[in-house]
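As structure tokens, the structure follows; a few thoughts come after it.
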């Protein structure tokens, strides 16, 4: 080995030792700077709270339904004739028995006139035979023959009158004509649909309630209905009928809700239905947004002393869309966490809006230390 080669090896060895020594110092410095995690200051969790108050809360069952009219019928032709007179149009209100349409009735009137003449003749003959029979001037057979002819004439007259009524189509009940399916001059056939009439006073909502809710149902129970199609208007109906049987396939009971006559309500319209089963007027109201769910149990965090929170289990008495009435554990005025509670634990330190931010305080302290050092340095230079 030459002298120059040996010198190079010595230099390399020295650099290697220095590098190892510096790494250990760096590792030691990092470890000392990190410190013990248990000695670090506890970090406060930022949250929002609200104070509990009292108010009214309703327990309601909510469903969707399509309105339908219980009296909604098509009116059919009962004779084969030509339309000669039309009395109503779509949208017209009609009374029960009102004339809707008249069919050609020449043949029916002629037939009725003929049988009415025969009826009068048969009655006169029957009266004469009866008078003679009462005086024993004619046989019983002659009297019976006259009675039979009279009965047959009466039946024929009733049939003719009935056939004539078929040429006049009348409303089966009071309602609104929603469809007109014929025009004057049309030839209609037997059982051809002519009109559709809807009784708007018979509009109902049918809902299907789970059988477990049966104890809370009763006829006359108020139902609140909301129709988005007419601007979200709400109105109050009542439970009119509850089916006596449970559908085994769905486990539900059909409930019919009667609606008041309301401008704009139409069969086929979609509505939301709420059955109000209980109302508490002086209830402690706990916002649902404060609730944390854990294994099917409900908890909230109440703000305590020194900005620490307490985890409290909640048992609901009633609940609506926004609030819960708790059975106990809370009182009016309690400060309850409503934002930031997802990561909280019992006893956690929290920070409310308006509280000093620890990061800002540290930054201010660092700035002050830096300023002092700068002033000291300037003094030394001078």
For residue 180, indicate whether it is touching a helix residue (DSSP H, G or I) at 6+ places or on another chain (Cβ under 9 Å) and either assigned by TED's automatic domain parsing to the domain that holds residue 82 or exposed (fewer than 12 other Cβ atoms within 10 Å of the Cβ) (or both).
no
Residues satisfying the stated conditions in the stretch 54-81, i.e. over 30 Å from residue 223 (Cβ atoms) and either loosely packed, with under 13 Cβ neighbours inside 10 Å or in contact with a helix residue (DSSP H, G or I) (Cβ under 9 Å, 6 or more places away or on another chain) (or both):
78, 79, 81
Strands (runs of 3 or more DSSP E) contained entirely in the stretch 259-341, each with at least 3 residues that are within 30 Å of residue 202 (Cβ to Cβ)
270-287
Which count do you get for residues in the stretch 189-210 that are surrounded by 14 or more Cβ atoms within 10 Å (Cβ to Cβ) and farther than 24 Å from residue 92 by Cβ?
5
Any residue in the stretch 260-278 that is at positive phi and either exposed (fewer than 12 other Cβ atoms within 10 Å of the Cβ) or in contact with a helix residue (DSSP H, G or I) (Cβ under 6 Å, 6 or more places away or on another chain) (or both)?
yes
Inside the stretch 236-257, the number of residues satisfying the requirement of being surrounded by fewer than 16 Cβ atoms within 10 Å (Cβ to Cβ) and closer than 15 Å to residue 60 by Cα is 2
Matching option when the condition is touching a strand residue (DSSP E or B) at 6+ places or on another chain (Cβ under 7 Å) and at pLDDT below 95, among 320, 305
320
Kindly indicate which of 125, 116 is outside the structural domain of residue 194 (by TED's automatic domain parsing), in contact with a helix residue (DSSP H, G or I) (Cβ under 7 Å, 6 or more places away or on another chain) and closer than 28 Å to residue 169 by Cα.
116
Filtering the stretch 218-250 down to residues that are in contact (Cβ under 8 Å) with a residue 40 or more places away in the chain and either under 26 Å from residue 73 (Cα atoms) or touching a strand residue (DSSP E or B) at 6+ places or on another chain (Cβ under 6 Å) (or both) yields 221, 222, 223, 224, 225, 226, 227, 229
Taking the condition more than 27 Å from residue 92 (Cβ to Cβ), out of contact with any strand residue (DSSP E or B) (no Cβ under 8 Å at 6 or more places or on another chain) and either surrounded by 13 or more Cβ atoms within 10 Å (Cβ to Cβ) or modelled with pLDDT of 90 or more (or both), does residue 108 pass?
no
The correct count of residues that are over 14 Å from residue 300 (Cβ atoms) and surrounded by 10 or more Cβ atoms within 10 Å (Cβ to Cβ) in the stretch 334-358 is 8
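The values are calculated or read from the model by the stated rules, or taken from the named source; none is laboratory data. The structure displayed is predicted, hence computed values, not measured ones. Backbone-built Cβ (ideal geometry, glycine too); neighbour counts: all protein chains shown.
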